[in-house]
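Laboratory data are not the source of any read-out in this text; all were calculated from the coordinates shown. Here the structure is a predicted model, which is why all the values come from computation and not from measurement. With ideal geometry, Cβ positions are generated from the backbone for all residues, glycine too; neighbour counts draw on all protein chains shown.
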Amino acid sequence: MPRIKNTKIQTSSPLLLLRQIRDVMAQAADAQARLDQVVTIIARGFSSEVCSVYLLRAGDILELYASQGLKKSSVHLTRLQVGQGLVGSIAASAAPLNLADAQSHPKFEYRPETGEEIYNSFVGVPILQGGKAIGVLVVQGKAAREYSPDQVEVLQTVAMVLSELAMSGQFVDRQEIATATGGLVAQQLAGVRLAPGMAKAVAVLHQPQLVITQYVSADPDHEKERFEKALRSLQESFDHYIQSSGLSEDDEHRQIIETYLLFTQDRGWIARINEAVVSGLTAEAAVRKVQEELQARMSQMASPYIKERIQDLEDLSNHLLQALLGKPVVPKPHDLPESFILVARSIGPAELLDYDHKRLKGLILEEGSITSHTAVIARAMDIPALAKVEKATTVIRPGDTVILDAEGNQVYVRPSPEIELAMNRHIDQYAVRAAEYEGLRDAPAVTRDGVRISLNVNAGLFVDSKSVLQAGVDGIGLYRTELPYMTSPTFPDVETQAALYASMYAQLPGKRVIFRSFDIGGDKKVPYLHAGEEENPAMGWRATRIGLDRPGILRTQFRALINASAGQPLWVMFPFIAQLSEFDAAKHLLEQELETAETRPSSLKVGLMLEIPSILWQLDALMQHADFVSIGSNDLMQFLFACDRGAAHMADAYDTLSPVMLRVVHEVVSKAQGHNVEVSFCGEMARRPLDALALLGVGIRSLSVSASGIGPLKAMIRSLTLSELTDYLHYLLQSNEPTVRHWLAAYAKDHGIVV
């Protein structure tokens, strides 16, 4: 039968149609009764004989839930598999289907109980949620006529509003909907440990799914103005960033922002949103509608490029929704649960610090690596954290119960009662182990053969004074002074810094605190310091390099440290030193401030972090100038092995227990002993008992780790006979294998060493 454009069948005003549906949905009537009214309104509005709603059930089943025009006895009786018949095809493709002669279509499937054989024209659209079909809305008529594109658009708009009703749980249980769409079922995800521990709490998404509470507008003109204002604001922010960033035209970051800017100027995309607004949706509902349709259409394509563009469009739409809904990226404290696990694709150190560390119980990332600065902050906050958890932000939804097992590198999302019970037992066992470590609180960190090991805590904004004050802990081996810089919109003045540093002395009377001068810049960006974009920020303008180029900044910090010490010992450590001249220059600035200070420390010790390989060839001269040195393995190893520590795909490129790294540590210890210079180790490697065992074997006698690492290290140290280990490590140093981990683990097991 030939197709004829529908020139006679008229659709009532889309806005009137939506308002009628909104009024029905707002009634206190039974949910089924309201849905029955809705299909009647739609059939009347389309001047068609039939309107039906199918909803998705578990097992990929589409059930007829309401119909005007089909036999009433078929409601809740007629069921189709996704992919079966015309309705099933719409659900499978998440795309509309518009036919003048439905019965001639190869996918048409006759269901005698419905009485639909007398109807020819057919138009169906998916009811979408998260880009997936959770139902199908169908209009049918006796006349063999194809519905116009405008009518299909109206039906899609109606389906957008119906998705709210479909997801309410009044028809199909939310859990069943989620099971059917692959959404809210229990899930188990794997990841890579950033920080150890276990936690159970509700999920909070770093860039949460924005909840739309009003779908139908009363004033389309006002909604168009709201959309245009939000779009202009977004375009201006992108344009300002490009103009002020100083990025070169071929810079990848700039190209991404320019792509986003081009998206915001796409006439087709803007027109589709405006059409949805004119049809009666609010600006935010219109943005979401177009987002859902594009996501559904593009997700059917296999091209990786297309899939990346889906993510770009999602990010762009979320920016617009944030502007329209007035929602910040980081929720306000009163909007957060009392305890929560944070879920993000990626997150920077400063962003992580925006969250209340007392409520934050864990961190789950899709990206990241164990030596990233975000991982360092997570360990400083003493929270379990996993990275490289694929699809975490897709599978985990705000408010979900999540069990984060960083000990087993697993995440349990919406766990079943059986899984939750089992994991609760594991959490209890972890708490027992923590209690055992607490039992070592008053025990010194001394080996079986009487060698005392200096244990220290790495700290920044968060200082667990209880851990630092326990027996066998000497103090703060690394106080990261840059963390306050990263949380401030302006450069902290002398008084602000001095008050913070003085609080360290007050909290830890009689304990040593080693203050590392700021390590800002590079990949630790601060808003008041603009260095432009760097191709390799980890090896760029950062830390002491900034301080020597801008001596006023470094001298301000030195002044604050001297004022805070006020008659107490002051230990200062310079990071990122590539050559002896840089160390001497920084030390000279410190001595200049000391000469003019009104109050002075009782003593001054100056050292540096060994993290740039070039300094290893200046050790003899360096040891004559420094009072102490501390090995920072995170940067040192990424430079030694040419592996970006922030690149997730390079996380397994080398092992920390490489003989190469152990030889470097052994060489530093040997040079330092000849000059009576203390060597400590403050990198992440020191936190893992087996790795720390190797460090002790090559001569390290001072370790600095996050507070939660003290207990496991004490247990290891007190089970160790160091003289035997030293001989074995000297043997392992001769190995040319990539790692000696398996040999050292076997040694620990054979000798009863707790690792």
* Asked: Hey, quick one: spin label on Arg345, modelled 7 Å out along Cα-Cβ, who in the range 387-402 has an amide N within reach, i.e. under 12 Å?
  -> 391-394
* Let me know the charge dipole size of the range 443-750 about its Cα centre in debye, to the nearest 20, where only the beta-carbon of Lys, Arg (+1) and Asp, Glu (-1) is charged. => 860 debye
* Please work out how much length the chain gains when fully extended from Glu436 to Ala499, using 0.36 nm per residue of separation minus the C-alpha to C-alpha distance, in nm with one decimal. => 19.1 nm
* Asked: Under a Cβ-Cβ cut-off of 12 Å, what is the net charge of the residues other than Gln618 that fall near it, where Lys and Arg count +1 and Asp and Glu count -1?
  -> -2
* What is the local net charge at Ala387, summed over the other residues whose Cβ is closer than 10 Å to its Cβ (Lys, Arg +1; Asp, Glu -1)? -> 0
* Structure fact -> Given unit charges at Cβ for Lys, Arg (+) and Asp, Glu (-), the dipole magnitude of the range 546-673 about its Cα centre in debye, nearest 20, is 220 debye
* Would you work out which of Ser73, Val136, Ile41 lies farthest towards the positive end of the dipole of the range 14-181, given +1 charges on the beta-carbon of Lys and Arg and -1 on that of Asp and Glu, about the Cα centre? => Ile41
* Structure fact -> Ranking His742, Phe641, Ser706 by how far each Cα lies towards the positive end of the charge dipole of the range 443-750 (+1 on Lys and Arg Cβ, -1 on Asp and Glu Cβ), the top one is Ser706
* Spacing of the two label points (7 Å from each Cα toward its C-beta) at Phe639 and Gln81, in nm -> 6.2 nm
* Structure fact -> Extension length gain for Arg232 and Gln103 (0.36 nm per residue less Cα distance), in nm, is 41.7 nm
* To do: Anything over 18 Å Cα to Cα? Flag those among Lys132/Lys224; Lys200/Lys361; Lys71/Lys142; Lys200/Lys358; Lys466/Lys714; Lys466/Lys511, in the order listed.
  => Lys132/Lys224
* Structure fact -> Simple SL model, points at 7 angstrom along Cα→Cβ for Glu390 and Arg550; separation in nm is 4.2 nm
* Structure fact -> Computed from the beta carbon distance with a Förster radius of 35 Å, FRET efficiency for Ala566 and Thr401 to the nearest 0.05 stands at 0.10
* Structure fact -> Listed by chain and number, the residues whose amide H is under 5 Å from that of Ala201, excluding neighbours fewer than 5 places away on the same chain and using placed H, are Val402, Leu404
* To do: Would you calculate the separation in nanometres between label points at Thr721 and Glu678, each defined as 7 Å from the Cα along the Cα-to-beta-carbon direction?
  => 3.0 nm
* Structure fact -> Checked the range 14-181 with the C-alpha gyration tensor, a ≥ b ≥ c its square-rooted eigenvalues, rounded below a/c of 1.5, otherwise prolate if a/b is larger than b/c and oblate if not; verdict rounded
* To do: Find how much the distance from Arg359 to Asp428 grows on full extension, using 0.36 nm per residue of separation minus their present alpha carbon separation; answer in nm with one decimal.
  => 22.9 nm
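In terms of the ratio Rg/(2.2 N^0.38 Å) built on C-alpha atoms, what value belongs to the range 443-750?
0.99
Between rounded, prolate and oblate, where does the range 8-77 land on the alpha carbon gyration tensor, with a ≥ b ≥ c its root eigenvalues, rounded for a/c under 1.5, else prolate if a/b exceeds b/c?
Judged from the Cα gyration tensor, the range 8-77 comes out oblate (a/c at least 1.5, b/c at or above a/b).
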* **Whole-Hz ³J(HN,Hα) from phi, Karplus 6.51 cos²θ - 1.76 cosθ + 1.60, for the range 215-229, glycine and proline x** => 9, 9, 9, 9, 9, x, 4, 5, 5, 5, 5, 4, 5, 5, 5
